[in-house]
Amino acid sequence: MSEAEREEVFVRRQLRGGSWRRPPVWNPGEAHYMITAACYEHHAYIGKSPGRISNFEADLLAEIDLCAIRIHAHVILPNHYHVLVETGDVVVMRERLGQLHGRTSFHWNKEDDAKGRKVFHGSAETVMKSERHFQATINYIHHNPVKHGYVKQWQDWPYSTARQYLSAVGREEAIQHWQEYPVDRYGDEWDL
C-alpha cells in the first residue's frame, strides 16, 4: 500500500469517526477482553483488497459498538484481527461476531466465486487480568502489523487505532508504555 493510499484510508476513517473515543484507561470495575479471530488456515481473505479490509473494519467496529461499553484498541490484518473491548456480556458479543463472520463469509464467497469456502476459524476472548495485562495488550495490538512485517512503524498501518493512540498520548508516553509493558513475553504467564 502506497503512502497516498494509506493517507486516503486515514482520511476516510476520520470522516466517518472511527472507533477511537479517548486514550485507553483501565477500569477495574468492568470486564475487558481482547477478542481475536483468524481466517481459516490464515488465508488473507480479509485483506484481499484495501476496499475489503476497510469495509470489514467498519462492519466489525459497528457490530462491536452495539454491545461494547468501549472499544479501546483494534487492528485488522489481512488474515486476522484483534480488538480490546470493555463489555458487560462477552457471550453476546461473541454471538454477534459469529453472525458477522457468517454474513461476511457468504458475501465474500459469492464475490470470489468460492461457494462453501470456510472463511473464518472462529474467535476467542482473553480476559484482561490486570492493568499491566491491559496495557501490554494495547502495545501488542498496535505492534501487530510491525510484528507481521506489513509496516515498519505502528502509525503506518491504516486499519488500527495506533495513529490515534500515538496522537492522544504523545510519543514520549507511548515509548514509556512500550518499555514498561513489553510484548516480547506476551502470553508467557507474566500477565497473571
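The values are calculated or read from the model by the stated rules, or taken from the named source; none is laboratory data. None of these values were measured; they are calculated from a predicted model. Neighbour counts run over all protein chains shown; Cβ positions are idealised from the backbone, glycine included.
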Exercise. Would it be correct to say that residue 86 is charged (D, E, K, R) and touching a residue at least 12 places away in the same chain (Cβ under 8 Å)?
Worked result: yes
For this session: Filter the stretch 175-186 down to residues that are of a type in the set (A, V, I, L, M, F, W, C) and buried (at least 16 other Cβ atoms within 10 Å of the Cβ) and give me whichever is modelled with the lowest pLDDT.
Result: 183
Seminar exercise, completed: Going through the stretch 132-174 in order, the residues found to be at pLDDT 95 or above, hydrophobic (A, V, I, L, M, F, W, C) and surrounded by fewer than 21 Cβ atoms within 10 Å (Cβ to Cβ) are 146, 151
For this session: Determine whether the stretch 92-106 contains at least one residue that is surrounded by 13 or more Cβ atoms within 10 Å (Cβ to Cβ), out of contact with any Leu (no Cβ under 6 Å at 6 or more places or on another chain), farther than 21 Å from residue 159 by Cβ and touching a residue at least 40 places away in the same chain (Cβ under 8 Å).
Result: yes
Exercise. Taking helices (runs of 4 or more DSSP H) that fall entirely within the stretch 86-192, which contain at least 1 residues that are under 21 Å from residue 52 (Cβ atoms) and of a type in the set (Asp, Glu)?
Worked result: 90-111
Problem set entry | Only listed residue being closer than 28 Å to residue 92 by Cα and not polar (S, T, N, Q), chosen from 131, 172 | 131
For this session: For the stretch 44-96, enumerate the residues that are of a type in the set (D, E, K, R) and more than 11 Å from the chain's Cα centre (by Cα).
Result: 48, 52, 59, 63, 65, 70, 86, 89, 94, 95, 96
For this session: Keeping to the stretch 36-79, report how many residues are crowded, with 19+ Cβ neighbours inside 10 Å, aliphatic (A, V, I, L, M) and part of a loop (DSSP other than H, G, I, E, B).
Result: 3
